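One structure below.
The values are calculated or read from the model by the stated rules, or taken from the named source; none is laboratory data. Since the model is a prediction, treat every value here as computed from it, not as a measurement. Don't worry about glycine lacking a Cβ; one is built from the backbone with ideal geometry, like all the others, and counts go over all protein chains shown. Side chains are part of the model used for accessible areas, which takes the heavy atoms of the whole protein and leaves out ligands, DNA and RNA. Shrake-Rupley method; radii C 1.70, N 1.55, O 1.52, S 1.80 Å.
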Amino acid sequence: MFTELKGQIHGLTTQSSATQESVADLTEQVKQDIDLLQATHDKLTTLGENYGDLDAKFTETKSLVEGSLQQIRSDLDSEIKHGDCEAKCRDPVAHARDSR
(Lines give C-alpha, C1' and ligand atoms only; values in the text may rest on other atoms or scores of the structure.)
Protein backbone atom coordinates (compact mmCIF):
# COMPACT_ATOMS: atom_id res chain seq x y z
CA MET A 1 0.00 0.00 0.00
CA PHE A 2 2.85 2.37 0.79
CA THR A 3 4.39 1.68 -2.61
CA GLU A 4 1.05 2.31 -4.26
CA LEU A 5 0.70 5.67 -2.48
CA LYS A 6 4.29 6.53 -3.33
CA GLY A 7 3.51 5.85 -7.03
CA GLN A 8 0.37 7.98 -6.90
CA ILE A 9 2.30 10.83 -5.26
CA HIS A 10 5.00 10.55 -7.93
CA GLY A 11 2.33 10.63 -10.66
CA LEU A 12 0.64 13.66 -9.13
CA THR A 13 4.00 15.43 -8.76
CA THR A 14 4.77 14.77 -12.43
CA GLN A 15 1.33 16.05 -13.45
CA SER A 16 1.80 19.11 -11.25
CA SER A 17 5.16 19.89 -12.85
CA ALA A 18 3.65 19.49 -16.33
CA THR A 19 0.72 21.73 -15.34
CA GLN A 20 3.11 24.38 -13.98
CA GLU A 21 5.07 24.31 -17.25
CA SER A 22 1.84 24.61 -19.25
CA VAL A 23 0.72 27.54 -17.09
CA ALA A 24 4.11 29.21 -17.55
CA ASP A 25 3.90 28.70 -21.34
CA LEU A 26 0.35 30.05 -21.44
CA THR A 27 1.34 33.03 -19.29
CA GLU A 28 4.18 33.86 -21.69
CA GLN A 29 1.83 33.52 -24.67
CA VAL A 30 -0.70 35.84 -23.03
CA LYS A 31 2.06 38.41 -22.37
CA GLN A 32 3.09 38.24 -26.05
CA ASP A 33 -0.55 38.61 -27.14
CA ILE A 34 -0.94 41.65 -24.87
CA ASP A 35 2.20 43.20 -26.36
CA LEU A 36 0.87 42.57 -29.87
CA LEU A 37 -2.50 44.09 -28.99
CA GLN A 38 -0.78 47.15 -27.49
CA ALA A 39 1.34 47.60 -30.62
CA THR A 40 -1.79 47.27 -32.78
CA HIS A 41 -3.61 49.80 -30.60
CA ASP A 42 -0.70 52.24 -30.92
CA LYS A 43 -0.68 51.88 -34.71
CA LEU A 44 -4.44 52.39 -34.92
CA THR A 45 -4.16 55.47 -32.72
CA THR A 46 -1.46 56.88 -35.01
CA LEU A 47 -3.59 56.10 -38.07
CA GLY A 48 -6.54 57.86 -36.45
CA GLU A 49 -4.43 60.93 -35.75
CA ASN A 50 -3.09 60.90 -39.32
CA TYR A 51 -6.64 60.60 -40.65
CA GLY A 52 -7.66 63.61 -38.56
CA ASP A 53 -4.74 65.61 -39.97
CA LEU A 54 -5.56 64.55 -43.53
CA ASP A 55 -9.24 65.34 -43.05
CA ALA A 56 -8.37 68.83 -41.80
CA LYS A 57 -6.01 69.40 -44.76
CA PHE A 58 -8.67 68.14 -47.16
CA THR A 59 -11.25 70.50 -45.69
CA GLU A 60 -8.80 73.42 -45.91
CA THR A 61 -7.87 72.58 -49.52
CA LYS A 62 -11.53 72.15 -50.47
CA SER A 63 -12.29 75.57 -49.02
CA LEU A 64 -9.40 77.16 -50.94
CA VAL A 65 -10.48 75.51 -54.19
CA GLU A 66 -14.09 76.57 -53.71
CA GLY A 67 -12.92 80.14 -53.02
CA SER A 68 -10.75 80.09 -56.14
CA LEU A 69 -13.63 78.77 -58.24
CA GLN A 70 -15.92 81.46 -56.89
CA GLN A 71 -13.32 84.12 -57.77
CA ILE A 72 -12.90 82.67 -61.28
CA ARG A 73 -16.69 82.71 -61.79
CA SER A 74 -16.84 86.29 -60.59
CA ASP A 75 -13.95 87.30 -62.87
CA LEU A 76 -15.58 85.58 -65.84
CA ASP A 77 -18.92 87.26 -65.11
CA SER A 78 -17.14 90.64 -64.97
CA GLU A 79 -15.35 90.00 -68.25
CA ILE A 80 -18.57 88.91 -69.94
CA LYS A 81 -20.31 92.06 -68.71
CA HIS A 82 -17.31 94.15 -69.74
CA GLY A 83 -17.36 92.46 -73.15
CA ASP A 84 -21.01 93.47 -73.52
CA CYS A 85 -20.06 96.97 -72.45
CA GLU A 86 -17.27 97.14 -75.04
CA ALA A 87 -19.70 96.15 -77.77
CA LYS A 88 -22.11 98.83 -76.60
CA CYS A 89 -19.32 101.39 -76.29
CA ARG A 90 -18.77 101.11 -80.02
CA ASP A 91 -22.22 102.59 -80.34
CA PRO A 92 -22.26 105.43 -77.77
CA VAL A 93 -25.88 106.33 -78.50
CA ALA A 94 -27.06 102.76 -77.81
CA HIS A 95 -24.87 102.63 -74.70
CA ALA A 96 -26.25 105.87 -73.34
CA ARG A 97 -29.78 104.70 -74.03
CA ASP A 98 -29.20 101.30 -72.26
CA SER A 99 -27.46 102.93 -69.32
CA ARG A 100 -30.51 104.97 -68.35
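Before we move on, is residue 66 open to solvent by 80 Å² or more (accessible area, probe 1.4 Å), within 54 Å of the chain's Cα centre (by Cα) and at pLDDT below 80?
no
Can you tell me which residue in segment 1-19 is surrounded by the fewest Cβ atoms within 10 Å (Cβ to Cβ), limited to those that are in a helix (DSSP H, G or I), more than 51 Å from the chain's Cα centre (by Cα) and hydrophobic (A, V, I, L, M, F, W, C)?
Checking each candidate, the answer is 2.
Scanning segment 20-56 for residues that are polar (S, T, N, Q) and open to solvent by less than 80 Å² (accessible area, probe 1.4 Å), which turns out farthest from the chain's Cα centre (by Cα)?
22
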